[in-house]
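One structure below.
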Amino acid sequence: MPKRALRPLLLFVSAFLTLSAATAFGHGVSGGDAAYIQSISGPQLLPYLYLGAKHMFTGYDHLLFLAGVIFFLYRLRDVALYVSLFAVGHSLTLLLGVLGGIRADAYLVDALIGFSVVYKAFDNIGGFERLGWRIDNRAAVFVFGLAHGFGLSTKLQDLSLSQDGLIPNMLAFNVGVELGQLAALALILLAFQFWRQSTGFVRGAFAANLVIMTAGFMLMGYQLTGYAVA
């Protein structure tokens, strides 16, 4: 493959590897942010809106999954459909988990999130088709959206959040998550649009999805190891 054709692939891979290293296999609430939201009480819509957007924009596991979902979607209508399914699932379990007190082991939930990344990359390289399996991708994206939202709710449940203003704050946090998702998605779509114009996209797509799958397996292994030794 010519070096020029490889450049979009290298940019794509480098961006995700840098993001992965920066977030260190996690998508939780960072120390400074955690201390801040535990120190405030009452409705604090703008801070929670910002923190929600920051979480999604820096959550590499969410971005890897979304990148896999839209990898071969060329129509904005299709992109909007799948991203909406993910957003609805993500919102439901985020709010139900925190407000309803529904708990699960954070390691196992995050391992499932890692599996969602593996699933989508495997689907993109035609893995299920070769096995003769037919999976409704719309249902899969919604179900994995539930897992991704539950993953964040487990992190928030570990914090001592004030009950004063909790409902509006969580709604603001969720709106921020969705705004951050839209911003990140716009950048990913621009990168894909640039890449798709190159002659190396079709050949590079297979390698890129192998990278995404590898990242998913790494996240699964990291979380399952944490569960085993906890």
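Just so you know, all these numbers are worked out from the coordinates, no wet-lab data involved. In this text the structure is predicted, and so the values were computed from the model without any measurement. Every residue, glycine as well, gets a Cβ built from its backbone with ideal geometry; the counts of neighbours run over all protein chains shown.
Once Rh for the chain is found with the Kirkwood sum over Cα pairs, what is the Stokes-Einstein diffusion coefficient at 25 °C and 0.890 mPa s, in µm²/s?
Value of D from the Cα-based Kirkwood radius: 135 µm²/s.
Using 10 Å bins from zero, what percent of all Cα-Cα pairs in the range 62-187 falls into each bin?
12, 42, 31, 12, 2, 0
Choose one answer from Asp136, Asp61, Asp158: the residue with the largest mean-square fluctuation in a GNM of the chain with alpha-carbon springs under 10 Å.
Asp136
What FRET efficiency, computed as 1/(1 + (r/R0)^6) with R0 = 45 Å and r the Cβ-Cβ distance, is obtained for Phe217 and Gln163, rounded to the nearest 0.05?
0.70
Please compute the Cα-Cα pair-distance distribution of the range 104-150 with 10 Å bins starting at 0, giving whole percents from short to long.
Spelled out per bin, shortest first, that is 26, 49, 23, 2.
At a Förster distance of 35 Å, what's the computed FRET efficiency of Glu129 paired with Leu182, Cβ-Cβ distance as r, to 0.05?
Efficiency, rounded to the nearest 0.05: 0.70.
By average Cβ neighbour count within 10 Å, what is the ranking of 142-148, 184-190 from highest down?
142-148, 184-190
Once label points are set 7 Å from the Cα along Cα→Cβ at both Leu96 and Leu190, what is their separation, rounded to one decimal in nm?
Modelled inter-label distance: 3.6 nm.
Taking θ as phi - 60°, what are the ³J(HN,Hα) couplings along the range 49-56 by the Karplus curve (6.51, -1.76, 1.60), each to the nearest whole Hz, with x for Gly and Pro?
4, 4, 5, x, 5, 4, 4, 5
Apply the Karplus parameterisation 6.51 cos²θ - 1.76 cosθ + 1.60, with θ equal to phi minus 60°, to every residue of the range 122-133 and state each ³J(HN,Hα) to the nearest whole Hz, in sequence, with x for glycine and proline.
Running phi through 6.51 cos²θ - 1.76 cosθ + 1.60 with θ = phi - 60° gives 5, 5, 5, 8, x, x, 5, 4, 5, 7, x, 9 Hz.
Work out from phi, with θ = phi - 60° and the Karplus expression 6.51 cos²θ - 1.76 cosθ + 1.60, the ³J(HN,Hα) of each residue of the range 110-118, listed in order in whole Hz, and give x for Gly and Pro.
5, 5, 5, 4, x, 5, 4, 5, 4
Which FRET efficiency value, to the nearest 0.05, is calculated for Ile40 and Leu224 with the Förster distance at 25 angstrom and r the Cβ-Cβ distance?
0.10
Pull out a ≥ b ≥ c, the square roots of the eigenvalues of the alpha-carbon gyration tensor of the range 180-230, then state rounded if a/c is under 1.5, prolate if not and a/b is larger than b/c, and oblate in the remaining case.
Since a/c reaches 1.5 but b/c is at least a/b, the shape of the range 180-230 is classed as oblate.
If Lys and Arg each add +1 and Asp and Glu each add -1, what is the summed charge of the other residues whose beta carbon sits under 14 Å from the beta carbon of Val143?
So the surrounding residues net to 0.
How charged is the neighbourhood of Gly59? Take every other residue with its Cβ under 12 Å from the Cβ of Gly59, and add Lys/Arg as +1 and Asp/Glu as -1.
Around Gly59, the surrounding residues sum to 0.
Which of rounded, prolate or oblate describes the range 137-230 when judged by the alpha-carbon gyration tensor and an a/c cut-off of 1.5?
oblate
For the range 179-230, state which chymotrypsin sites (Phe, Trp or Tyr not before Pro) are in a DSSP loop and have at most 12 other beta carbons lying within 10 Å of their beta carbon.
Counting only loop positions with at most 12 other Cβ atoms within 10 Å, none of the chymotrypsin sites (Phe, Trp or Tyr not before Pro) in the range 179-230 qualifies.
Starting from the range 123-223, pick out the trypsin sites (Lys or Arg not before Pro) whose DSSP state is loop and whose Cβ has at most 16 other Cβ atoms within 10 Å.
Here the trypsin sites (Lys or Arg not before Pro) that fit, given the DSSP loop and packing criteria, are Arg134.
Between the range 191-230 and the range 65-100, how many Å separate their Cα centres?
18 Å
Given springs between every Cα pair under 10 Å in a Gaussian network model of the chain, which of Leu81, Leu152, Leu131 has the largest fluctuation?
Largest GNM mean-square fluctuation: Leu131.
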